[in-house]
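**Q** Mind looking over this structure? Questions follow.
Only the coordinates and a few stated rules stand behind these numbers; no lab work does. Predicted model only: the values in this text are computed from it and were never measured. Positions of Cβ are backbone-derived with ideal geometry, glycine not excepted, and every protein chain shown enters the neighbour counts.
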Amino acid sequence: MIEVIDLSFSYNDRPFIDMNFSVKKGEIFGFLGPSGAGKSTLQKILTGLIRSYKGNAIVNKTECKSYKDDFYENIGVDFEFPSLYEKLTGRENLKFFGSLYSKKLRDVDELLKMVGLQNDGGKKVSEYSKGMKSRLNFIKALLHNPDILFLDEPTSGLDPNNSRIMKNIIINEKEKGKTIILTTHNMVDATELCDKVAFIVDGNIKALDSPHNLIMSKGAAKIKYTFMDGKEEIRECMLGKTSEDAKLQELIMSNRILSIHSSEPTLNDIFAEVTGSVLQ
Amino acid sequence: MNFANSYGKLFISFKQYLIQITKDAMLFIICLAPLMCGVLFKFGIPAAEKLIILEPYYLLFDLLLAVLTPMMISYVSSMVILGDIDEGITKYMAVTPLGKSGYLISKLVFPLFASFFITIIVMMIFSLTKIDLMQIIGISILTSLLGLIMSMMVISISANKVEGMAVIKLSGITMIGIPAAFLTAQNVQYLFFFLPSLWVAKFSIEYSLIYFVLCIALSSVWILFFIKKFLKKIY
Ligand SMILES: Nc1ncnc2c1ncn2[C@@H]1O[C@H](COP(=O)(O)OP(=O)(O)OP(=O)(O)O)[C@@H](O)[C@H]1O
Ligand SMILES: [Mg+2]
């Protein structure tokens with residue numbers, strides 16, 4: 001669905017974006033990276049906003065720099081910042097943006113309801129809270145039922161409840177066969193949603209795989225245990241090497257363990273290990 | 001089919017432009033300004049004749065009226081577009097089937113076409129001198145072009161809507177070529193040669209095609225000068 005080959009781009013002379021990757025139809029592909037890594041810039045290239053790149057970026061068999069206007073009939077974009085008419089109501093906004101498409105649209109009220117805005121459709125957007133704007137902006141991208149969705153930090157700034165709702169909608173879209181590109185700072189969301197994730201730092205992909213493979217290949221599960229030795233002490237050992245930990249053996253044999261936890265590395269740990277930088 | 005579709009979208013976006021104007025009292029009143037000024041000039045100036053002799057300046061008043069409509073419409077378009085930039089709409093339009101060019105056509109080119117026709121009508125109704133229709137059409141083309149330049153200038157320079165209001169007032173200076181053509185000596189006038197507005201006035205006074213062509217050429221230079229910055233601002 002998306003094919004990026006030797007893509008390079010820079011805002012000034014300093015080379016910035018430099019990457020290769022591909023996304024299959026029906027996949028959720030996540031871009032993770034610290035602020036300023038180039039996630040939004042990449043989205044701008046893939047959505048045809050930035051056209052002065054080198055190399056190839058092909059979406060749905062079309063080179064991004066030569067998109068025609070009707071190409072957008074099949075693309076839904078949720079930018080990092082809301083783009084809504086403040087003086088219009090939520091419903092008027094959706095109706096207006098919807099009218100720009102020739103396709104059959106999804107039901108506006110149903111969409112509003114999906115994100116819990118069913119009672120706010122008649123309110124002016126200027127009276128919306130930040131999270132309400134994000135939600136409205138998100139369903140605006142779904143309005144014309146596009147095959148490819150570009151979501152730039154869709155869950156940022158939302159409360160856990162609404163964040164959950166959004167994630168469910170994203171999963172639902174995937175189940176309908178939609179291809180979804182999303183960027184996020186949130187490792188937990190990425191682990192849950194994405195089939196593949198790419199770690200980007202300074203415009204380069206440092207690792208690319210499924211969250212599961214990344215976690216399994218790069219890190220190993222550990223156990224942490226505590227015991228009394230005059231005062232309370234904490235120790236760690238690799239889950240695969242418990243037989244080599246004499247102290248642990250001894251504690252088990254003498255029933256002196258106070259607590260024991262195993263922990264898989266999170267995507268966050270892997271990110272730090274691969275890129276040498278911290279995300280959150 | 002496809003053709004009809006893309007036209008349909010332009011009109012939907014233009015309709016949105018009109019709705020945006022009705023939602024903003026200031027912009028709405030500005031749209032009525034040419035009408036009010038026309039009435040004022042048409043009846044007020046001959047009446048004032050009793051106090052001072054204004055007759056030699058009738059053509060100047062006519063020209064002021066001819067630039068008024070494009071200026072006001074350019075002002076309205078600039079405000080609407082700057083507002084859209086502030087709200088992130090222009091960027092979003094670029095990823096809809098309306099597209100970048102569709103957006104600009106519906107919110108800048110259509111209004112200036114409208115201003116062209118309105119100027120012709122306003123001139124036919126309110127002008128104080130007897131200008132022939134061909135010349136009115138010529139003047140309207142040129143003044144609409146001035147409006148386009150003004151919008152491009154204002155949008156390129158201002159960071160947001162608030163700044164835009166200040167810049168618009170300043171940009172009015174580019175119209176100084178019009179009174180200059182009437183009120184200053186020949187050799188002084190040429191100090192303003194770089195202002196298309198001077199050549200609009202010259203064209204009206206002398207009705208020579210040379211001035212018309214000169215004005216178009218000069219306007220193109222201005223447009224080329226601003227276009228890159230203007231487009232960058234919008235997306
Ligand atoms: N229009 C622009 N002109 C010049 N430089 C820009 C422009 N937009 C972004 N940049 C630079 O490009 C880099 C990447 O920006 P980008 O918005 O892609 O980051 P990001 O990964 O989306 O960050 P965040 O997580 O904060 O949204 C930054 O250093 C930024 O300063
Ligand atoms: Mg970003």
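**Q** Between A:Ala198, A:Ala221, A:Ala37, which gets the highest mean-square fluctuation from a Gaussian network model of chain A, Cα cutoff 10 Å?
**A** For chain A, modelled as a Gaussian network with Cα springs under 10 Å, the answer is A:Ala221.
**Q** Between the helical axis of A:130-142 and the dominant principal axis of chain A, each derived from Cα atoms, what acute angle in degrees is found, rounded to the nearest 10?
**A** Helix A:130-142 sits at roughly 70 degrees to that axis.
**Q** For n ≥ 4 DSSP H runs only, could you compute -39500 (n - 2.57) per run for the protein assembly as shown, divide by its residues and tell me the 222 nm figure to the nearest 500?
**A** About -16000 deg cm²/dmol.
**Q** Which ³J(HN,Hα) values, rounded to whole Hz and listed in residue order, are derived for the range A:163-179 from phi using the Karplus coefficients 6.51, -1.76 and 1.60 in 6.51 cos²θ - 1.76 cosθ + 1.60 with θ = phi - 60°, glycine and proline given as x?
**A** 4, 4, 4, 4, 5, 5, 5, 4, 4, 4, 5, 4, 5, 7, x, 6, 9
**Q** Give the shape of the protein assembly as shown as rounded, prolate or oblate, defined through the alpha-carbon gyration tensor: a ≥ b ≥ c are the square roots of its eigenvalues, a/c under 1.5 means rounded, and otherwise the shape is prolate if a/b is larger than b/c and oblate if not.
**A** It comes out prolate by the Cα gyration axes.
**Q** Right, next: Comparing B:Lys42, B:Lys23, B:Lys91, which has the greatest mean-square fluctuation in the GNM of chain B with Cα pairs linked when under 10 Å apart?
**A** Highest fluctuation of the listed residues: B:Lys23.
**Q** Please build a GNM for chain A, connecting alpha carbons under 10 Å apart, and tell me which residue among A:Asn20, A:Asn204, A:Asn255 fluctuates the most.
**A** The residue with the greatest mean-square fluctuation here is A:Asn255.
**Q** Relative contact order of chain A, please, whole-number percent, based on alpha carbon pairs below 8 angstrom and at least 6 residues apart.
**A** Relative contact order, chain A: 22 percent.
**Q** Does the range B:1-148 come out rounded, prolate or oblate by the C-alpha gyration tensor, with a ≥ b ≥ c the root eigenvalues, rounded set by a/c under 1.5 and, if not, prolate when a/b is larger than b/c and oblate if not?
**A** prolate
**Q** Using only the alpha-carbon atoms, how far is helix B:2-22 inclined from the longest principal axis of chain B? Give it as 0 to 90 degrees, nearest 10.
**A** Helix B:2-22 and the main axis of chain B meet at about 70 degrees.
**Q** A further question follows. Along the positive direction of the dipole of the range A:121-232 (beta-carbon charges: Lys, Arg +1; Asp, Glu -1; about the Cα centre), which of A:Leu143, A:Ser156, A:Ser129 reaches farthest?
**A** So the residue furthest toward the plus end is A:Ser129.
**Q** A:Ala272 to A:Lys61: FRET efficiency via 1/(1 + (r/R0)^6), r the Cβ-Cβ distance, R0 41 Å, to the nearest 0.05?
**A** That pair, A:Ala272 with A:Lys61, gives E of 0.65.
**Q** Could you derive backbone 3J(HN,Hα) for the range A:254-265 from the dihedral phi with the Karplus parameters 6.51, -1.76 and 1.60 (θ = phi - 60°), listing whole Hz in sequence and x where the residue is Gly or Pro?
**A** 9, 6, 9, 6, 8, 8, 8, 9, 9, 9, 7, x
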